[in-house]
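The values are calculated or read from the model by the stated rules, or taken from the named source; none is laboratory data. Keep in mind that what you see is a predicted model, and the values were worked out from it rather than measured. Using ideal geometry, Cβ is built from the backbone for each residue, glycine included, and neighbour counts are taken over all protein chains shown. Just the protein is used for accessible areas: all its heavy atoms, side chains included, with ligands, DNA and RNA removed. Shrake-Rupley method; radii C 1.70, N 1.55, O 1.52, S 1.80 Å.
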Amino acid sequence: MALWDKIRDSASTMQSHLNAKKNDLRSGAFRDASMAICALVAAADGTIDPTERRRVAQLIATNEVLQNFVADDLRQRFEDNLVKLTTDFDFGKVSVLQEIAKVKRRPTEARAVIHIGLVIGGADGDFDETERDMVRKACYALGLPPHEFDL
């Protein structure tokens, strides 16, 4: 199986898992952590291009789990995290990872946040090493083993 097919199938499977847990994923901490990981993955290479913003906008608009929340609120939280990351990437990364870590004690939410990071990372068919590294860092912040997510 080609790498792109593997990534696409994996993203589809992860989305199915998220949809199955939709009713468990309504907390403000999950909302904030979800947008934090989206920003972290989008800014992984140090720049945020329009394609990455569109991927997150599409996720916000179409993801059943994220439809538990107001789209404009999600967009604003995503943008706020991007500002932190683009102003000073190292300090911003610490702040964003702290936001992600707020769901650490909620295993369902923690795994769902990682799944969202993987969906964003693989959305363009190129889940590059910098994006993988950011999702790995989020795993560590959540106390989850990266190998559970093939990282």
What are the residues in the stretch 83-97 that are open to solvent by less than 60 Å² (accessible area, probe 1.4 Å) and closer than 18 Å to Ile114 by Cα, if any?
Lys93, Ser95, Val96, Leu97
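Answer yes or no as to whether Ala43 is over 16 Å from Phe149 (Cβ atoms), touching a Gly at 6+ places or on another chain (Cβ under 9 Å) and at pLDDT 95 or above.
No; evaluated as a whole, the condition is false for this residue.
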Mind checking which residues of the stretch 100-121 are under 22 Å from Thr51 (Cβ atoms) and either open to solvent by 10 Å² or more (accessible area, probe 1.4 Å) or among the acidic types (Asp, Glu) (or both)?
His115, Leu118, Val119
Which condition from (1) more than 12 Å from Glu109 (Cα to Cα); (2) surrounded by fewer than 18 Cβ atoms within 10 Å (Cβ to Cβ); (3) modelled with pLDDT of 85 or more is the one that Ser27 breaks?
(1)
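For the stretch 57-67, enumerate the residues that are in a helix (DSSP H, G or I) and either open to solvent by less than 80 Å² (accessible area, probe 1.4 Å) or at positive phi (or both).
Ala57, Leu59, Ile60, Ala61, Leu66
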Name the pairs whose Cβ atoms lie under 7 Å apart, with the first residue in the stretch 38-56 and open to solvent by 10 Å² or more (accessible area, probe 1.4 Å), the second charged (D, E, K, R) and part of a loop (DSSP other than H, G, I, E, B), and 6 or more positions between them or separate chains?
Thr51/Asp124; Arg55/Asp124
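I'd like to know if the stretch 100-108 contains one or more residues that are over 16 Å from Ala29 (Cβ atoms) and free of Cβ contacts under 8 Å to residues at least 40 places away in the same chain. Can you show your working first?
Here is the first cut: in the stretch 100-108, the ones over 16 Å from Ala29 (Cβ atoms) are none.
No: the stretch 100-108 contains no residue that is over 16 Å from Ala29 (Cβ atoms) and free of Cβ contacts under 8 Å to residues at least 40 places away in the same chain.
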Please give the number of the condition Val70 fails out of (1) under 20 Å from Val103 (Cα atoms); (2) among the aliphatic types (A, V, I, L, M); (3) open to solvent by less than 60 Å² (accessible area, probe 1.4 Å).
(3)
